[in-house]
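See below for the structure under consideration.
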Amino acid sequence: MPRLAGLLLALLPLTVLAGGTLYKWVDESGKVHYSDAPPLQAPNNLVELDRRGSVTRSVETPKERAAREAREAAAQSDAARQRYQARYDKGLLESYQSPDELRAEREKQLAVQQSILDALQNDRKTLQQNIVQQTRQIEALQKSGKPVPPALSTNLGILRQQAAHTEAAIISRQAEIANQTRKMRYDLERYHQLTRR
């Protein structure tokens, strides 16, 4: 078998041996193959050969390459996360002299958000009252057989749209307050961790 392999190597074009990469693999039936291009479906035993026919390295299968690339991507992601955390920690320590200062600043921001939320909730209450009032007017007119002025129906539609927008703004503001509260807790905990070191 070694003689046959040597003979096959001798028969390959000189251009392949001189400059290109040479590949060797054994197929499922045990037949040895040599080529200047790897097979489309790389087998597990695919190797690269040098000009003398010595193995220079094993070639990755697609599965092995995918696993390596996944490991590299995970490592890059972890390194990026660590760089971001280092910048974040530095900013936290440079921005606040104490946990009390951090808490006071964040509570001030939360108070602003809460005042906006309170105003929105008051607007919602007023809109709901106006919608109830105009709905009753329309129902009273319909009950008495009188025509409903188009302006009244239009106004009711506008009020309902405003109420829907206000409700969406309330939900958004509540989410923002919840996010800021979580961030304040995280930053306070992180600040304590950093200053205990």
**Report entry** Selection from region 42-62 of residues that are open to solvent by 70 Å² or more (accessible area, probe 1.4 Å), outside any loop (DSSP other than H, G, I, E, B) and under 22 Å from Ser29 (Cβ atoms)
**Finding:** Val55, Ser58
Query raised in the report: Which pairs do you get when a residue that is free of Cβ contacts under 8 Å to residues at least 12 places away in the same chain, found in region 47-66, comes within reach of a residue that is part of a loop (DSSP other than H, G, I, E, B) and open to solvent by less than 90 Å² (accessible area, probe 1.4 Å), reach meaning Cβ atoms under 6 angstrom, with the pair 6+ apart or on two chains?
Result: Thr56/Asp50
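Before we move on, is Ala37 touching a Phe, Trp or Tyr at 6+ places or on another chain (Cβ under 9 Å), open to solvent by less than 80 Å² (accessible area, probe 1.4 Å) and of a type in the set (A, V, I, L, M, F, W, C)?
Judged against the criteria, Ala37 is a match.
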Report summary line: With the first residue restricted to region 98-112 and required to be within 14 Å of Tyr186 (Cβ to Cβ), and the second required to be exposed (fewer than 14 other Cβ atoms within 10 Å of the Cβ), Cβ contacts under 8 Å at 6 or more apart or on different chains are Pro99/His192; Pro99/Thr195; Leu102/Ser95; Arg106/Lys183
Report summary line: Taking region 151-194 and keeping only residues that are within 23 Å of Gln114 (Cα to Cα), charged (D, E, K, R), in contact (Cβ under 8 Å) with a residue 24 or more places away in the chain and open to solvent by 40 Å² or more (accessible area, probe 1.4 Å), one is left with Glu167, Arg173, Glu176, Lys183
Report summary line: Of the residues in region 1-39, those that are at pLDDT 75 or above and assigned to a loop (DSSP other than H, G, I, E, B) number 10
Query raised in the report: Within the group Val148, Val132, which residue is open to solvent by less than 80 Å² (accessible area, probe 1.4 Å) and in a loop (DSSP other than H, G, I, E, B)?
Result: Val148
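Scan Gln85, Gln97, Gln113, Gln76 and give me the residue that is open to solvent by 70 Å² or more (accessible area, probe 1.4 Å), in a helix (DSSP H, G or I) and not β-branched (Val, Ile, Thr). Before you say what the answer is, go through the steps one by one.
On the way: Gln85 fails: open to solvent by 70 Å² or more (accessible area, probe 1.4 Å); Gln97 fails: in a helix (DSSP H, G or I); Gln113 fails: open to solvent by 70 Å² or more (accessible area, probe 1.4 Å).
So the residue among Gln85, Gln97, Gln113, Gln76 that is open to solvent by 70 Å² or more (accessible area, probe 1.4 Å), in a helix (DSSP H, G or I) and not β-branched (Val, Ile, Thr) is Gln76.
The values are calculated or read from the model by the stated rules, or taken from the named source; none is laboratory data. Predicted model only: the values in this text are computed from it and were never measured. Positions of Cβ are generated from backbone atoms using ideal geometry, with glycine treated the same way; all protein chains shown enter the neighbour counts. These accessible areas exclude ligands, DNA and RNA; they are computed on the full protein's heavy atoms, side chains included. Shrake-Rupley method; radii C 1.70, N 1.55, O 1.52, S 1.80 Å.
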